[in-house]
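Encoded as structure tokens, the structure appears first; notes follow it.
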Amino acid sequence: MIKLKKDGQYFDIEPGEVLPIEWVSTVFNDDSEIKGSISKPVMAPFTPRNNMLLKNAQLIENRSSRYATTVYIEVFGSTWKQAQLNFDVTPDGYEMDCLIDNAEFAKLIKEKTLPQVFLLNDNGTLSDFVYDRLGEGSLDVLANMLDRASNPGKGSCVFFSQKNDALFGSFDGDDNSLPYDKNYRINVYNNEADYLSAVLTPSGRRSLFFNPSYYLRWVIRQVCRFLGFEATGDFFTDDATLSLVIDNTGMIDGDTLFSRGGGNIAPARHLPNIKIADFFKIIRSSFKLAMYFDGNERKAYFNYAPAIVASPDAVDISGYTEKGLTIQSYVPTGYTLEQKADNDDALFKTFEYVKNYFIGDMTDPQPLSSFVGTTFMTDVNEPRPVDGGVWRVPRKRQTGNLYCPAAKGTEAYNEQGYTKNEFEFRILNYRGRRMDSNYRLFYYASSDGLEINGQEEPGALSCWLGGTDGLINRFIKPWLLYYLRTEQVELTAHLPANLLLQLSPLKKIVWRTPTRALMPALIHQVEFEQSSYDPERISARIQVYPIYNQAAVDVKEFTRVQPGEIENPGKIYVKFRMVTDSEEYKYPDKPYKILLSRYQSGYLDFFSDEACTKPKTVANLPVNMRYSYRGKNPRNYVYAPFTVIANGSSHKIVQDIGISQTIYYKSSSDYWAKGYDLDPAGGPDYIVK
């Protein structure tokens, strides 16, 4: 018998009523909402016990009694789940239903954003942040920062070196834009002595800017705790996910971090402004997790779904199933996986990257897009701002969120709020201590699994979808191949209570078919109620996805990328050309004209191939140029470098650098020339042809 229990007592249910349960696994609803489990409505009369348990909610004056309450669902005397009981008062009694497992918070996670988990509210109004404290004083904070930076995965967050070309909001190449390279040091570790001297002086603290990146696993644990669950599972014991961090554009200064009271960081300012439900969907899709919020144990399981398929652990329901079953052929024969791009990061309009990956038959692929993104990396020869060496660090070109007085007057200044300037959910892999070309220490994170010299490190996780050790090959592909082979099957079973209590989305079931084959499957949904013909059994309709062997169906196991794209961020080739034009005057009453002046305009043309046959569009690409001027007197010679911020596939050089950039040819008595060309050394993002 299935009963509802509260405060040690059972609710009275109308005679003849049963309590039907619809229990849903969250493993299979990819790219859709995270479904919850429920009980179907059941009537409970106005008995003294029911009125007492619900605090006389049937009386209209008792408004405070008519709220959801916690109950326990028992199956033949054993507790199956803790649930949230909702009810309406009707003339005939209480109409009750239960929200089970993640259904308890399904509405909440659709409404609340990830940063709001770390906010304190006063009647719906933000009153303060939930702070993450790094230490009890400036030296303690510094020691903890350096300790965490030396031990990937330790603590809540880590500070690593990175670059943002448009941190303050504008990127026009002049000093007024406060470009990262020229004016500010962001997580640029040298050694303990450098920071020790800086944090002890107010001027030193104000000259340093810091970007804490929170570990993905730490954030998941905090969100689950907020929802009333303890996070556990394979994902939290896998070395590959230990050091994954959430990228963000939030920046604090040294005064905040090394304040006298200790370093208080507000995580809300360093997390993407997405709904909690979307956060869960993205990590589920990106790592192919079987997420299970067990309402009885109050634990949130994050296990790898392909590992459940491969595991020998299963519940055998042979002998309890009916002969007939329903088979619904699974429609998709292939998938399109879309690489997540942050449209606010201009580098996604500058560099090439793989937009789509294909798995299976491409006749009519089903699109999948709920994946986590990542960032580009600088070239291996990226100049380091502080000591003249070169290094390789994560890179963005995106307006930041700066919570510090030095940023006043810029687009990035964010005085009191959080994530004013939006950014997507992206991750990086923090790798630990490294040395630049001058053997100076820095702390290294990467998006692509490569080392600081650009060479592949075997086994290092890439945060891009593609690549040998990318998310597809590490986590996604085995599950999608299983998904392409399977189909939905519904069977009916009459189970004893002990077998029902063993069913779990984290465990397979098996049963004997009429041919005596033992068929394994993963559970999708179970609808059950007390059996009408056997009072000791539970009647259940079970929807499953069978696990067929690879020979059962022909599936193309290749992964193909979108035509015209390349596997890794590509090089940009640039050519410089001059176009001659002239200014003429035509006499209105005479058949001839005179040449007033002749000039040339410069153009930068961009290509994606070394032969310069395939034009490429760029956005906000800095190109290094050289300017020269020569007059009649040879001593009047000017040579100066300047930078053009180029856009499009062919960019006309019109930027004013204080002197006209047009070459003029006038009379011989007034001869002078100005010229400009590409700096042959090129730049970190392009090659001169």
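The values are calculated or read from the model by the stated rules, or taken from the named source; none is laboratory data. The structure presented is a predicted model; accordingly, all values stated were derived computationally and were not measured. Reconstructed Cβ throughout: ideal geometry from the backbone, glycine too, with neighbour counts over all protein chains shown. All accessible areas refer to the heavy atoms of the entire protein, side chains included, with ligands and DNA or RNA removed. Shrake-Rupley method; radii C 1.70, N 1.55, O 1.52, S 1.80 Å.
Can you tell me which residue within segment 415-432, out of those that are at pLDDT below 90 and either within 23 Å of residue 215 (Cα to Cα) or not in a loop (DSSP other than H, G, I, E, B) (or both), is most open to solvent (accessible area, probe 1.4 Å)? Write out each step before concluding.
Within segment 415-432, the first condition is being at pLDDT below 90, and the residues that meet it are 415-420.
Still in the list and also either within 23 Å of residue 215 (Cα to Cα) or not in a loop (DSSP other than H, G, I, E, B) (or both): 417-420.
Working: 417: 25, 418: 56, 419: 7, 420: 102 Å².
The residue in question is 420.
Only one of these is within 30 Å of residue 356 (Cβ to Cβ), at pLDDT 90 or above, touching a Leu at 6+ places or on another chain (Cβ under 9 Å) and open to solvent by less than 50 Å² (accessible area, probe 1.4 Å): 317, 276, 282. Name it. It would help to see each step written out before you state the result.
Numbers: 317 fails: within 30 Å of residue 356 (Cβ to Cβ); 282 fails: touching a Leu at 6+ places or on another chain (Cβ under 9 Å).
Step by step, each of 317, 276, 282 is checked, and only 276 is within 30 Å of residue 356 (Cβ to Cβ), at pLDDT 90 or above, touching a Leu at 6+ places or on another chain (Cβ under 9 Å) and open to solvent by less than 50 Å² (accessible area, probe 1.4 Å).
The strands (runs of 3 or more DSSP E) located wholly in segment 156-266 that include 2 or more residues which are within 24 Å of residue 470 (Cα to Cα), at pLDDT 80 or above and not β-branched (Val, Ile, Thr) occupy 157-159, 212-215.
Yes/no matrix, rows are residues, columns are (1) in contact (Cβ under 8 Å) with a residue 60 or more places away in the chain; (2) out of contact with any Phe, Trp or Tyr (no Cβ under 7 Å at 6 or more places or on another chain):
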residue	(1), (2)
2	yes, yes
14	yes, yes
18	yes, yes
21	yes, no
36	yes, yes
45	no, yes
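Residue-level analysis places residue 439 among those that are in a loop (DSSP other than H, G, I, E, B) and on the phi > 0 side of the Ramachandran plot. Checking residue 128 against (1) open to solvent by 60 Å² or more (accessible area, probe 1.4 Å); (2) at pLDDT 90 or above, only one condition comes out false. Which one? Residue 128 satisfies all of (1) open to solvent by 60 Å² or more (accessible area, probe 1.4 Å); (2) at pLDDT 90 or above except (2). Every condition in (1) open to solvent by less than 60 Å² (accessible area, probe 1.4 Å); (2) at pLDDT below 85; (3) in contact with a strand residue (DSSP E or B) (Cβ under 9 Å, 6 or more places away or on another chain) holds for residue 307 except the one numbered (2).
Residues in segment 379-391: is at least one buried (at least 23 other Cβ atoms within 10 Å of the Cβ) and modelled with pLDDT of 85 or more? Step through it out loud before you land on a result.
Of all residues in segment 379-391, those buried (at least 23 other Cβ atoms within 10 Å of the Cβ) come to 391.
Imposing the further condition that a residue be modelled with pLDDT of 85 or more reduces the set to none.
No, segment 379-391 contains no residue that is buried (at least 23 other Cβ atoms within 10 Å of the Cβ) and modelled with pLDDT of 85 or more.
Being in contact with a strand residue (DSSP E or B) (Cβ under 7 Å, 6 or more places away or on another chain), open to solvent by less than 70 Å² (accessible area, probe 1.4 Å) and in contact (Cβ under 8 Å) with a residue 24 or more places away in the chain: is that true of residue 142 here? Show your work before the answer.
Values: in contact with a strand residue (DSSP E or B) (Cβ under 7 Å, 6 or more places away or on another chain): no; open to solvent by less than 70 Å² (accessible area, probe 1.4 Å): yes; in contact (Cβ under 8 Å) with a residue 24 or more places away in the chain: yes.
No, not satisfied.
Picking from 585, 603, 639, which residue would you name as being modelled with pLDDT of 65 or more, farther than 23 Å from residue 339 by Cβ and open to solvent by less than 60 Å² (accessible area, probe 1.4 Å)? 603 is the lone residue from the list that is modelled with pLDDT of 65 or more, farther than 23 Å from residue 339 by Cβ and open to solvent by less than 60 Å² (accessible area, probe 1.4 Å). Residues in segment 491-518 that are within 25 Å of residue 289 (Cβ to Cβ) and in a strand (DSSP E or B) were compared, and the one that is least open to solvent (accessible area, probe 1.4 Å) is 509. Return the residues of segment 340-359 that are among the polar types (S, T, N, Q) and surrounded by fewer than 23 Cβ atoms within 10 Å (Cβ to Cβ); say none if nothing qualifies. Within segment 340-359, 343, 356 qualify. Annotation for segment 61-75: at least one member residue is among the hydroxyl-bearing types (Ser, Thr, Tyr) and over 30 Å from residue 527 (Cα atoms). Only one of the numbered conditions (1) open to solvent by 10 Å² or more (accessible area, probe 1.4 Å); (2) farther than 30 Å from residue 28 by Cα; (3) touching a strand residue (DSSP E or B) at 6+ places or on another chain (Cβ under 7 Å) is violated by residue 250, and that is (1).
For the condition in contact (Cβ under 8 Å) with a residue 60 or more places away in the chain and not hydrophobic (A, V, I, L, M, F, W, C), residue 352 qualifies.
What number of residues within segment 453-474 satisfy the criterion of being open to solvent by less than 40 Å² (accessible area, probe 1.4 Å), assigned to a loop (DSSP other than H, G, I, E, B) and not hydroxyl-bearing (Ser, Thr, Tyr)? Show your work before the answer.
Narrowing segment 453-474 to residues open to solvent by less than 40 Å² (accessible area, probe 1.4 Å): 454, 460-467, 469-472.
Cutting the leftovers down to assigned to a loop (DSSP other than H, G, I, E, B) gives us 454, 460-467, 469-470.
Of the ones still in play, those that are also not hydroxyl-bearing (Ser, Thr, Tyr) are 454, 460-461, 463-467, 469-470.
Summing the residues that are open to solvent by less than 40 Å² (accessible area, probe 1.4 Å), assigned to a loop (DSSP other than H, G, I, E, B) and not hydroxyl-bearing (Ser, Thr, Tyr) in segment 453-474 gives 10.
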